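Note sheet for the following structure.
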Amino acid sequence: MTSTEQQKTKKKLIILASSISAVGHVNACSGALAPFLRRGHRVVFVVEEAYRGRLTALGFEEIVYQAPKAAEEGNPGEALSQRLKEYQVFGAHSVVEKFRSLVELLHDEQYFADLAAADRTISRAIETLRPDLLWWDGGLLFPAVYYSGIPWVKNQSLTAICFLTSDQIPPSCSGNTFGDTFLVC
């Protein structure tokens with residue numbers, strides 16, 4: 001059997017992908033998943049409304065949802081940038097002040113509402129598509145992914161330090177790695 005014939009007989013996967021709703025994270029996932037498209041697999045992204053059409057232009061499918069906060073802003077990346085500015089995560093503040101601001105941002109009701117909207121959409125997509133693999137990028141694991149029983153891959157575009165545990169380096173996230181954290185919506 002030739003390699004072309006072998007390729008035709010291999011099962012084509014359905015891969016459902018989701019990421020932090022920020023341009024860099026969505027781009028990292030699309031770049032990592034592009035080889036699957038080239039091999040003929042079906043790759044479907046769950047994305048906020050602001051990303052509509054951006055991934056289909058690259059050959060991916062999209063399942064679009066409207067996050068409550070994102071309804072106010074239309075440009076992907078701008079919504080997150082505005083929130084980071086609001087919470088003073090950037091700028092001439094001490095590291096401690098920036099970290100406190102980031103913690104406040106991550107405990108914001110609106111943030112959890114946006115995450116819950118994404119989780120509901122992912123849950124429906126899992127039921128509808130019955131994917132073979134889930135591709136997830138983010139700090140928190142969605143319950144829909146965790147409880148699906150479907151194998152999942154964690155893409156880590158946030159920061160690689162989340163995977164490192166050593167007495168030689170500072171702990172990521174106050175000693176808890178993102179890898180064992182999941183979101184409760």
Q | Nearest-10 value in Å² for the accessible area of residue 14, using the 1.4 Å probe | A | 40 Å²
Q) For the pair residue 120 and residue 81, what calculated FRET efficiency results from E = 1/(1 + (r/R0)^6), where r is the Cβ-Cβ distance and R0 = 25 Å, to the nearest 0.05? A) 0.50
Q) Taking a ≥ b ≥ c as the square roots of the eigenvalues of the Cα gyration tensor of segment 76-121, is the shape rounded (a/c under 1.5), prolate (a/b larger than b/c) or oblate? A) oblate
Q.
Under 5 Å between amide hydrogens, which residues at least 5 positions from residue 48 or on another chain qualify, with H placed 1.01 Å from N in the peptide plane?
A. 65
Q) Working out 0.36 nm times the residue gap between residue 66 and residue 98, then minus their Cα-Cα distance, what length gain in nm do you get to one decimal? A) 8.7 nm
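The values are calculated or read from the model by the stated rules, or taken from the named source; none is laboratory data. If you're wondering where the values come from, they're calculated on a predicted model, not measured in any experiment. Because the Cβ atoms are built from the backbone with ideal geometry, glycine has one as well, and the counts that use them run over all protein chains shown. With ligands, DNA and RNA removed, areas are computed over all heavy atoms of the protein, side chains included. Shrake-Rupley method; radii C 1.70, N 1.55, O 1.52, S 1.80 Å.
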